[in-house]
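Asks: Structure incoming, see below.
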Amino acid sequence: MSSLEWETTDRVLKEERVFAPDPRISTNSNVMVYAREKGFSELEELYEWAVSHYEDFWEDMAKRLHWFRPWDNVLRWECPDARWFEGALCNIVYNCLDRYMDTPIRNKVAFYWEGENGAHKTYSYARLFDEVNRLANALVRMGLKKGDRVAIYLPRIPEQVVAMLAVARIGAVHNLIYSGMSEKALAERIQDSEARLVITADGYFYRGRVVELKPVVDSAIRYCPSVERIMVVRRAGNRVMMVPGRDVYLDEAVALAGRHHPCAEMDPEDPLFILYTSGTTGKPKGVVHVHGGYMVGAYATTLLVLDLKPEDVYWCTADPGWITGHTYVVYGPLLVGATQLIYEGAVDYPDPARLYYNVDAYGISVLYTAPTAVRSLMLFGEAWTKKFSMGRVRLLGSVGEPINPDVWIWYRKAFGGNCPIMDTWWQTETGMHMITPLVPLPLKPGSAGRPFLGQSASVVDAEGKQVPPGRGGYLVLNNPWPSMMRAIYGDREKYESYWNRFPGRYFAGDAATVDGDGYFWIQGRVDDVIKKAGYRLGSMEIESALVSHEAVAEAAAIGVPDEVKGERIKAFVVLVQGAQASDYLADQLRDHVRSTVGVIAVPDEIVFVESLPKTRSGKIMRRLLKAREMGQEVGDLSTLEE
């Protein structure tokens, strides 16, 4: 965790707009259908029951899935260690695929896939089942067994999903590594997980060029003695070196494999995957998630937060190389039997029409994306939205970092004007949505809403005491949940650190406030809090004030050491298309922040830039901006989009 001084920061950004739920949408939402099944007529009644009987709630969700053997005990909790559904046997892949094979869902589209170069494929649940089984058999023929780790270094192509499911089907553990990672980052993750096999591709298409992958793997494994074999997907058609006896093409391997491989029966606490957090500094952490609890959490939140229904076509723009893609591209949608779109390329390439075209062409009804994607669309204004039909969109989602209120408003307007927005807060470590709106809730732009059903969260001071509404503090989760991480691979001390700062409670590392209605407002990482003249300011609030100006598309605020003030505020600003940078505009922006937030939040320096450093999962890397400002080492930058 951070070594910062344990102080609190109050909320200074005032946002009072509230949007009532549309009864036509909320009445038939999945969460209200579930509430009525439980005998509740009001959502508030369901909230109260679920948090006071959270084991019963999670057991209820688990009963909707298939188990080879039922559990003896819902939860054994000895902080920080949880065992959910103790005594049961399951496999998440069975629930994603096998249980549909004797139902009409077998012929339903699981996902449409579109490549950046115009390639198209359609996968029914039956086709996906067949390809997963064949690859599972090929893996077993290569000597893979339960518990082995498999590194998957693939882009957003169908084989990425197939590989994850095939590895999990045989009881092995997948370590999916984002395809933009450098040789060094790849080697670190393979080394730490001790992977026996790497599944990769020759290359892929991204922003109009071929990105080569196989040569990166060849270089990385020189430092990875655990790797025995490499399996290669043919995607881009670029020439690659194949080492006889070590390397094999995936299509050739599955051609020799049988058509069916039974799902391994797994203890719910058996590892499903290791996913390494990414950043610009420090050793990556291998977050371990398990078959049983992760499955239940992914299922429940996909069903009740994203509100997916049988007729929906869903699109989450995240890459499965991040936790959003694991839970809400691969596992969650398959667990609820949904149809979705998976797109290989960038959503704004070659121009902003790409995202709108996909929404129109595939009839997307539920869109889940990151604030950074929305802000990139804002750069080009609303004209692009009018070229395509957004008429089928009924629900929007936001993920990755807090969304500025004015970006929230623009997002809603651009996609029809009355869609509910599920602004979700969660982490790699939590595995699922933790604080989120639900469709029947009134919405407040910029707020992540309330804790999910069965969850309790608080904002506390340095001593762990709950702070009054409107006061800033540290966001903690008060009780265990099924999809919580079970370990940091090979680092027990790091895992325990999440629970040590506030004993018995999970400290998320974020600053937040909660208002009088119980809505949480995430202020960002505690590391990003700016200490100026005795005040502590959330970077998100300064940025929101800047973005609310009509000339600003994006902003990032950092604290720079100052002998008098402690820190001064330096803001990096990206302007909308057509706006011109000038000293006059900088003064206008300072006046705007002064009138919107207050004099203490006015930036001491404003720098106009073309873009901001962001990970490809959508997070602005303020720590990188600060490190560069102070002349510090910035570390591996391969995960950055800009």
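The values are calculated or read from the model by the stated rules, or taken from the named source; none is laboratory data. Every value quoted in this text rests on a predicted model; they were computed, and no experiment measured them. Note that we place each Cβ from the backbone using ideal geometry, even for glycine, and neighbour counts take in every protein chain shown.
Table: residues versus (1) hydroxyl-bearing (Ser, Thr, Tyr); (2) farther than 30 Å from VAL288 by Cβ; (3) touching an Asp or Glu at 6+ places or on another chain (Cβ under 7 Å).
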{"site": "LYS465", "(1), (2), (3)": "no, yes, no"}
{"site": "LEU475", "(1), (2), (3)": "no, no, yes"}
{"site": "ARG492", "(1), (2), (3)": "no, no, no"}
{"site": "GLU496", "(1), (2), (3)": "no, no, no"}
{"site": "ARG501", "(1), (2), (3)": "no, no, no"}
{"site": "VAL526", "(1), (2), (3)": "no, no, yes"}
{"site": "ASP562", "(1), (2), (3)": "no, yes, no"}
{"site": "LYS570", "(1), (2), (3)": "no, yes, yes"}
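Okay, residues lined up against (1) buried (at least 21 other Cβ atoms within 10 Å of the Cβ); (2) among the acidic types (Asp, Glu); (3) in contact with a strand residue (DSSP E or B) (Cβ under 9 Å, 6 or more places away or on another chain); (4) over 27 Å from GLU610 (Cβ atoms):
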| residue | (1), (2), (3), (4) |
| --- | --- |
| LEU537 | yes, no, yes, no |
| GLU543 | yes, yes, yes, no |
| LEU546 | yes, no, yes, no |
| PRO561 | no, no, yes, no |
| VAL573 | yes, no, yes, no |
| ARG590 | no, no, yes, no |
| GLY598 | no, no, no, yes |
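Asks: Only residues that are among the aliphatic types (A, V, I, L, M) and under 18 Å from ARG156 (Cβ atoms): list them for segment 232-246, please.
Replies: Within segment 232-246, the subset among the aliphatic types (A, V, I, L, M) is 232-233, 236, 240-243.
Across segment 232-246, the qualifying residues are VAL232, VAL233, ALA236.
Asks: Right, here's the next one. Just checking, does segment 591-605 include any residue being under 17 Å from SER548 (Cβ atoms), touching a helix residue (DSSP H, G or I) at 6+ places or on another chain (Cβ under 8 Å), at pLDDT below 80 and of a type outside the set (D, E, K, R)?
Replies: yes
Asks: Sticking with this structure for a sec: Working carefully through the options VAL460, VAL439, find the one that is touching a residue at least 24 places away in the same chain (Cβ under 8 Å), over 30 Å from SER41 (Cα atoms) and not basic (Lys, Arg). Lay out the reasoning, then the answer.
Replies: Working: VAL439 fails: over 30 Å from SER41 (Cα atoms).
When all the criteria are applied, what remains is VAL460.
Asks: A further question follows. Would you check which residues across segment 52-65 are touching a residue at least 40 places away in the same chain (Cβ under 8 Å) and surrounded by 15 or more Cβ atoms within 10 Å (Cβ to Cβ) and list them?
Replies: Passing the criteria: TYR54, PHE57, TRP58, MET61, ALA62, LEU65.
Asks: Tell me the residue from PHE19, PHE68 that is more than 28 Å from the chain's Cα centre (by Cα) and touching a residue at least 24 places away in the same chain (Cβ under 8 Å), please. Talk me through it step by step, then tell me what you get.
Replies: Numbers: PHE19 fails: more than 28 Å from the chain's Cα centre (by Cα).
So the residue among PHE19, PHE68 that is more than 28 Å from the chain's Cα centre (by Cα) and touching a residue at least 24 places away in the same chain (Cβ under 8 Å) is PHE68.
Asks: While we're on this one: Report, by residue number, each residue of segment 146-172 that is of a type in the set (A, V, I, L, M, F, W, C) and over 20 Å from ASP319 (Cβ atoms). So that I can check it myself, show each step before the final result.
Replies: Step one: of segment 146-172, the residues of a type in the set (A, V, I, L, M, F, W, C) are 150-152, 154, 157, 161-168, 170, 172.
If the condition is that a residue be of a type in the set (A, V, I, L, M, F, W, C) and over 20 Å from ASP319 (Cβ atoms), then ILE170, ALA172 are the ones that fit.
Asks: Which count do you get for residues in segment 518-554 that are under 18 Å from TYR474 (Cα atoms) and modelled with pLDDT of 90 or more? Before the answer, list the steps.
Replies: Restricting attention to segment 518-554, the residues satisfying the condition of being under 18 Å from TYR474 (Cα atoms) are 518-531, 535-541.
Narrowing further to those that are modelled with pLDDT of 90 or more: 518-522.
Residues meeting the conditions: 5.
Asks: Something else now. Looking only at residues in segment 614-642 that are of a type outside the set (D, E, K, R) and not in a loop (DSSP other than H, G, I, E, B), which one is modelled with the lowest pLDDT? Give the derivation first.
Replies: First, pick out the residues of segment 614-642 that are of a type outside the set (D, E, K, R): 615, 617-618, 620-621, 624-625, 627, 630-632, 634-635, 637-640.
Add one more test, that the residue is not in a loop (DSSP other than H, G, I, E, B), and what stays is 615, 620, 624-625, 627, 640.
Details: THR615: 68, ILE620: 79, LEU624: 82, LEU625: 84, ALA627: 79, LEU640: 57.
Step by step, filter segment 614-642, then rank; the result is LEU640.
Asks: Looking at GLU116, GLU42, GLU131, can you tell me which residue is under 25 Å from the mean Cα position of the chain (by Cα), on the phi < 0 side of the Ramachandran plot and not aromatic (Phe, Trp, Tyr)?
Replies: Values: GLU42 fails: under 25 Å from the mean Cα position of the chain (by Cα); GLU131 fails: under 25 Å from the mean Cα position of the chain (by Cα).
Checking each option against the conditions leaves just GLU116.
Asks: Looking only at segment 355-366, decide whether some residue is of a type outside the set (Ser, Thr, Tyr), touching a Lys or Arg at 6+ places or on another chain (Cβ under 9 Å), within 21 Å of ALA110 (Cα to Cα) and free of Cβ contacts under 8 Å to residues at least 40 places away in the same chain.
Replies: Narrowing segment 355-366 to residues of a type outside the set (Ser, Thr, Tyr): 355, 358-361, 363-364, 366.
Pick out the ones that are also touching a Lys or Arg at 6+ places or on another chain (Cβ under 9 Å) and you get 359-360, 363-364, 366.
From what is left, the residues that are within 21 Å of ALA110 (Cα to Cα) are 359-360, 363-364, 366.
With free of Cβ contacts under 8 Å to residues at least 40 places away in the same chain added as a condition, the list becomes 360.
Yes, segment 355-366 contains at least one residue that is of a type outside the set (Ser, Thr, Tyr), touching a Lys or Arg at 6+ places or on another chain (Cβ under 9 Å), within 21 Å of ALA110 (Cα to Cα) and free of Cβ contacts under 8 Å to residues at least 40 places away in the same chain.
Asks: Of the residues in segment 248-265, how many are under 24 Å from GLY147 (Cβ atoms) and touching a strand residue (DSSP E or B) at 6+ places or on another chain (Cβ under 6 Å)? Spell out how you get there, then give the answer.
Replies: Going through segment 248-265, the residues under 24 Å from GLY147 (Cβ atoms) turn out to be 248, 250, 253-254, 257-258, 260-265.
Among the residues that remain, those that are also touching a strand residue (DSSP E or B) at 6+ places or on another chain (Cβ under 6 Å) are: 248, 250, 265.
Total meeting the criteria: 3.
Asks: Sticking with this structure for a sec: Pick from ARG99, ARG141, ARG127: which is closer than 17 Å to LEU335 by Cβ and surrounded by fewer than 23 Cβ atoms within 10 Å (Cβ to Cβ)? Write out each step before concluding.
Replies: Details: ARG141 fails: closer than 17 Å to LEU335 by Cβ; ARG127 fails: closer than 17 Å to LEU335 by Cβ.
Every option except ARG99 fails the conditions.
Asks: Something else now. Out of all the residues in segment 190-214, which are in a helix (DSSP H, G or I) and in contact with a helix residue (DSSP H, G or I) (Cβ under 9 Å, 6 or more places away or on another chain)? Working first, answer last.
Replies: Here is the first cut: in segment 190-214, the ones in a helix (DSSP H, G or I) are 190-193, 214.
Result: ILE190, GLN191.
The rows are residues; the columns are (1) closer than 28 Å to LEU453 by Cβ; (2) polar (S, T, N, Q); (3) surrounded by fewer than 23 Cβ atoms within 10 Å (Cβ to Cβ).
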position	(1), (2), (3)
VAL313	yes, no, yes
GLY321	no, no, no
LEU355	no, no, no
ARG375	no, no, no
LEU379	no, no, yes
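Asks: Okay, next question. Just give me the residues in segment 317-345 being outside any strand (DSSP E or B), over 13 Å from the mean Cα position of the chain (by Cα) and within 12 Å of PRO155 (Cα to Cα), in sequence order.
Replies: Taking segment 317-345 as the starting set, the residues that turn out to be outside any strand (DSSP E or B) are 317-338, 344-345.
When the remaining residues are screened for being over 13 Å from the mean Cα position of the chain (by Cα), the result is 333-338, 344-345.
Result: GLU344, GLY345.
Asks: Select from segment 66-82 the residues that are touching a Pro at 6+ places or on another chain (Cβ under 9 Å) and part of a strand (DSSP E or B) and write down the one among them that is surrounded by the fewest Cβ atoms within 10 Å (Cβ to Cβ).
Replies: TRP77
Asks: Considering only residues of segment 461-493 that are part of a loop (DSSP other than H, G, I, E, B) and of a type in the set (A, V, I, L, M, F, W, C), which is modelled with the lowest pLDDT?
Replies: Our first condition is that a residue be part of a loop (DSSP other than H, G, I, E, B); within segment 461-493, this holds for 461-465, 467-472, 478-486, 489-491.
From what's left, of a type in the set (A, V, I, L, M, F, W, C): 462, 467, 481, 484-485.
Details: ALA462: 91, VAL467: 95, TRP481: 98, MET484: 98, MET485: 98.
Residue satisfying both the conditions and the ranking: ALA462.
Asks: Additional query: Any idea which of (1) out of contact with any His (no Cβ under 8 Å at 6 or more places or on another chain); (2) surrounded by fewer than 21 Cβ atoms within 10 Å (Cβ to Cβ); (3) of a type outside the set (Asp, Glu) is the one PHE85 doesn't satisfy?
Replies: PHE85 satisfies all of (1) out of contact with any His (no Cβ under 8 Å at 6 or more places or on another chain); (2) surrounded by fewer than 21 Cβ atoms within 10 Å (Cβ to Cβ); (3) of a type outside the set (Asp, Glu) except (2).
Asks: Moving on. Select the strands (runs of 3 or more DSSP E) contained entirely in segment 228-284, then report the ones holding at least 2 residues which are surrounded by 15 or more Cβ atoms within 10 Å (Cβ to Cβ) and assigned by TED's automatic domain parsing to the domain that holds ARG149. Working first, answer last.
Replies: Working: elements: 229-233, 247-249, 271-276.
In segment 228-284, 229-233, 247-249 are the strands (runs of 3 or more DSSP E) which contain 2 or more residues that are surrounded by 15 or more Cβ atoms within 10 Å (Cβ to Cβ) and assigned by TED's automatic domain parsing to the domain that holds ARG149.
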